[in-house]
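Below is one structure, written out as structure tokens; comments come after it.
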Amino acid sequence: MTVAAHDPHPMEKYIRPGARVTTFCPGCGDGIIAHSVLRAVDRMGGDIDDYVFVSGIGCAGWISSPYFAADTLHTTHGRPIAFATGVKLARPDRRVVVISGDGDLGAIGGNHLIHAARRDLDVTVICVNNRIYGMTGGQVAPTTPTGVKTTTTPAGSTERPFDLCRLVEAAGASYVARWTAAHPRQITRAVMRGVEHSGFAFVEIVAQCPVHFGKLSGEGRAVPMMHLMRDNSVPVRQAAKLGPGELEGKWVVGDLVAPPAAAPAGGEE
Ligand SMILES: Cc1ncc(C[n+]2csc(CCOP(=O)(O)OP(=O)(O)O)c2C)c(N)n1
Ligand code: SF4
Ligand SMILES: [Mg+2]
């Protein structure tokens with residue numbers, strides 16, 4: 001289909017009028033994620049007013065707020081799941097979706113994350129894992145791989161990173177998926193499954209932060225970072241046949257914990 005230059009973007013109807021200039025750096029993965037999440041909203045039908053998007057502080061916190069033309073809450077650092085819990089208790093009819101960063105959800109907000117998973121709270125958490133604190137200038141995060149230099153680990157991080165998907169799985173999450181910003185269609189499907197799932201849904205999206213992580217780690221700019229994410233992703237069914245050594249440095253992608261009703265998505269390209 002030919003789209004004329006003046007045609008509105010198909011997702012523009014979900015963007016607040018006057019909020020079309022984003023805070024994201026050129027090449028950031030967050031714009032791809034915003035688009036993929038809105039595609040999920042679009043494909044599920046219904047009204048965007050059925051949703052409440054809750055975010056914390058960080059670049060990823062700007063994905064939904066103030067851009068999405070829905071109810072959005074931009075909360076304090078590490079606290080979006082606490083706010084989302086309150087929203088869900090007050091308005092169980094709403095689809096409550098948290099979108100925030102790996103630092104926000106896995107470091108300062110780590111306790112809220114594991115307890116929401118333990119309670120199997122009916123919210124969807126989309127965790128943008130760029131492996132660093134992006135917004136504040138490239139500090140080490142609990143997801144930063146060992147050895148990677150950051151502004152606070154100039155000689156390389158000596159700590160082991162969290163696998164956030166395994167963390168929430170162990171805590172009791174009933175839907176867990178991982179994709180990367182190089183898999184926009186799969187992100188859309190995972191977000192749909194998460195939102196339609198009744199219980200705690202966690203969708204990790206590995207994303208490029210070329211400005212900090214790419215520069216400090218040596219992965220480079222956005223395009224090589226996206227190639228790395230694509231080329232190092234292993235579908236979950238294939239990963240089951242590989243040993244830990246073969247999975248070193250790879251991202252296992254797909255539905256890692258799937259509710260019985262959902263078809264496993266691990267084989268999807
Ligand atoms: C209580 C508190 N501590 C620290 C900060 C500073 N701060 C703001 S965003 C951020 C880290 C964000 O990292 P992440 O959640 O990974 O989001 P990203 O920017 O990488 O998308 C920090 C430490 C803050 N705003 N409030
Ligand atoms: S600092 Fe990194 S994560 Fe933040 S907007 Fe820029 S590229 Fe994206
Ligand atoms: Mg981050």
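A short reminder: the numbers here are calculations on the coordinates, not readings from a lab. What you are looking at is a predicted structure, and each value in this text was computed from that prediction instead of being measured. Don't worry about glycine lacking a Cβ; one is built from the backbone with ideal geometry, like all the others, and counts go over all protein chains shown.
Taking the Cβ of GLY110 as the center, what net charge do the other residues with Cβ under 11 Å away carry, scoring Lys and Arg +1 and Asp and Glu -1?
Net of charged neighbours comes to -2.
Enumerate the residues in region 40-84 having an amide nitrogen under 18 Å from the point lying 7 Å beyond the Cα of ARG20 toward its Cβ.
What the label zone holds, given the 18 Å backbone N cut-off, is 66-70.
Go through 63-76, 27-40 and give me the packing order, highest mean Cβ count within 10 Å leading.
Sorting 63-76, 27-40 by mean packing, highest first, produces 27-40, 63-76.
Starting from the amide H of ILE126, placed 1.01 Å from N in the peptide plane, find each other amide H under 5 Å away whose residue is 5 or more places distant or on another chain.
VAL98, ILE99, SER100, VAL203
Rounded to whole Hz and in sequence order, give me ³J(HN,Hα) for region 49-57 from the Karplus expression 6.51 cos²θ - 1.76 cosθ + 1.60, θ = phi - 60°, writing x for Gly and Pro.
Taking θ as phi minus 60°, the curve returns 5, 6, 9, 10, 9, 10, 10, x, 10 Hz for region 49-57.
As a test, work out the antiparallel percent of DSSP beta bridges whose residues both lie in the chain, rounded to the nearest 5.
15
Sorted by packing (mean other beta-carbon atoms within 10 Å per residue), highest first, where do 168-177, 233-242 land?
The peptides rank, most packed first, as 168-177, 233-242.
Restricting to DSSP H runs of at least four residues, report the calculated mean residue ellipticity at 222 nm for the chain, -39500 (n - 2.57) per run over all residues, nearest 500 deg cm²/dmol.
The per-residue figure over the chain is -8000 deg cm²/dmol.
Hey, in the GNM for the chain with a 10 angstrom Cα cutoff, which one of PRO184, PRO145, PRO161 fluctuates hardest?
PRO161
Taking the chain as a Gaussian network, Cα atoms linked when under 10 Å apart, which of VAL21, VAL140, VAL128 shows the biggest mean-square fluctuation?
For the chain, modelled as a Gaussian network with Cα springs under 10 Å, the answer is VAL21.
For GLY138, which sequence-distant residues (separation of 5 or more, or a different chain) have an amide H within less than 5 Å of its own amide H, given hydrogens modelled in the peptide plane?
Excluding prolines and chain starts, which carry no amide H, the hits are TYR133.
Test of understanding: in a Gaussian network model of the chain with alpha carbons linked when under 10 Å, which of ILE126, ILE99, ILE48 would top the mean-square fluctuation ranking?
Judging by the Gaussian network model, the answer is ILE48.
Amide H to amide H, which residues 5 or more places from GLY78 or on other chains are under 5 Å from it, using H placed in the peptide plane?
Distant-sequence amide H within range of GLY78: ILE57.
Note down the net charge around ILE57, summing +1 for each Lys or Arg and -1 for each Asp or Glu among other residues with Cβ under 15 Å from its Cβ.
Charge balance near ILE57 sits at -2.
Of the listed peptides 91-97, 102-108, 186-192, 14-20, what is their order by residue-averaged count of other C-beta atoms within 10 Å, with the highest listed first?
Highest mean packing first, the order is 102-108, 186-192, 91-97, 14-20.
Residues with beta-carbon under 14 Å from that of SER217, excluding SER217: net charge, scoring Lys, Arg +1 and Asp, Glu -1?
For residues surrounding SER217, the net value is +3.
Whole-Hz Karplus ³J(HN,Hα) for region 168-174, in order, using 6.51 cos²θ - 1.76 cosθ + 1.60 and θ = phi - 60°, x for Gly and Pro?
Values, residue by residue: 6, 4, 4, 7, x, 4, 9 Hz.
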